[in-house]
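None of the figures in this text is laboratory data; all of them are computed from the coordinates on show. Source: prediction; values computed, not measured. All Cβ positions, glycine included, derive from the backbone under ideal geometry; neighbour counts span all protein chains shown.
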Amino acid sequence: MSLLSRVHSKRTVFSEQNRDPDAGLLSKNETPKLLTEIFQGHMILYEAADALLYHQQEQRRILRLFTTSRFIRKGEQRMSTPRPDDKILLFPQTATNEWIEAYARAELSGKNEATIDAYLRILRQLTAWVAQLPGSEGQFHPKFLTKTAFGDYMEDLKEQEYSTGHQERVKTVVNAFANWLIGEGEMRTNPTRGITIAPQALLAPRELSKDQRLVLRNLVERSGDLRGEAMFVLGYWAGCRVSDVSYLLMKYTQVGRKIGKLHIGHKGEKYRDIILLNTAREPLYEYLQKGKRARESHYVFTSQRETIPVPEGEFDGWRLGEAAIHEWFKQLKTTATEAEASFIRDVTFHDLRHDFAHRAKKEAGLDDGELAVYLGHITKRGTPAIQTTARYTQPSMDQIRQKLKDMKGQ
């Protein structure tokens, strides 16, 4: 009895006797035969589909192989294109390619398994796409991987809404593959040269609304937490990062009744001296005088429990970590009323730094260079990183929309 007849026979037995569903399935020994017949094209389309739908235990594997065989079988029509919302590229994952295999053996053997898999997946998708171009006759050859072809392929990825990051990875992988092909004498020019990928528009860092600022300041005041208020004002009134607050040392904190100066910085060792406004100096001074902190610690903001042994690179085990500061801010927001919560639900501590940058530029009139120095946006050469600061203070779409409302058509 043929394998296909066995399928129909077992289905009939199951339907008539209503036995356990497993009665209608092939045995494990018959599974490879079914896969082979489907993959090699020994079954016509409706027969393979019949076996596939009935053989539930291997559905995913059979479908993958069946799709591949239909896609690459010479002389047959390509499967229909998926809908845009499918987000799937129907490229063969098991088809072999002599150039890819040789490249993998020569250049990828030293990379980890995940990297190799990513490289091969990208190259297989590209070569399958090139093989469908006019003149390729369903076969990939390096001579068809031209700059024009690669440019069209990248446009296809863009139209299918692949991220800029993925497009950059594809270009990197294909660039390395093309350089190897050039070295092997299979290609004369690299098709990725001159192909540019437009950067995605960055979202403007948050500028808080007046209502959001009011809610946050009210929550801090109502909390009565001296340490919390001191941390808040360093973000809101001094534009400090969470790491700046966490690693702030007592020896670099000159705060008194009439003086407020800090030497701060931890991220990328971007240390800087800043002068505190009274609105930041007073809560910090109050905390240092009356707040609960480990007096023997080198750090300004301390945890309730000492970490033992002392972490490598730190002065003692009392430092309040960045995660703890984020958790404090999260807990602060939970004290808001239902009406207040709608304003500040998604605000983060780092948003305080962004909002400070906006206010410093608009209300205090700081230019980009001055603001860059204050925020610690410094290049490796020690000059202000104006571009980073401009990113912090770029207008949001809401601001642009508001200004456009005043535009007259006369």
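Mind listing which trypsin sites (Lys or Arg not before Pro) in segment 150-235 are in a DSSP loop and have 14 or fewer other Cβ atoms within 10 Å? Don't jump to the answer; show the numbers that get you there.
On the way: sites: Lys158, Arg169, Lys171, Arg188, Arg193, Arg206, Lys210, Arg213, Arg217, Arg222, Arg227; in loops: Arg188, Arg193, Arg206.
Answer by residue number: Arg188, Arg193.
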Study note, to complete from the structure: The rounded separation in angstrom of the Cα centers of segment 304-356 and segment 117-164 is 47 Å
Revision key, fill the gap. If each K or R counts +1 and each D or E counts -1, the residues other than Glu370 whose Cβ falls under 15 Å of its Cβ total 0
**Study point:** Summed residue charge, Cβ within 9 Å of Trp99's Cβ, Lys/Arg positive, Asp/Glu negative
**Key:** -4
Exercise for review: Take the cross-link list Lys251/Lys290; Lys292/Lys330; Lys258/Lys330; Lys261/Lys290 and give me the ones stretching past 23 Å between alpha-carbons.
Suggested key: Lys258/Lys330
Study note, to complete from the structure: Contour minus Cα-Cα span, Gln304 to Arg217, at 0.36 nm per residue, comes to 28.9 nm
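Please report the net charge: other residues with Cβ closer than 14 Å to the Cβ of Gly151, K and R +1, D and E -1. Show your work: numbers first, answer last.
Details: positive: Lys147, Lys158, Lys171, Arg193; negative: Asp152, Glu155, Asp156, Glu159.
It works out to a net charge of 0.
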**Study point:** Per-residue HN-Hα couplings for segment 207-224 [Karplus 6.51, -1.76, 1.60; θ = phi - 60°; Hz; x = Gly/Pro]
**Key:** 10, 6, 7, 4, 5, 5, 4, 4, 4, 4, 5, 5, 4, 5, 5, 5, 5, x
Study note, to complete from the structure: Rounded to the nearest 0.05, FRET efficiency between Lys261 and Ser342 (Cβ-Cβ, R0 35 Å) equals 0.35
Review point. Distance in nm between label sites at Gln289 and Asp316, each 7 Å beyond Cα in the beta-carbon direction?
Key: 2.2 nm
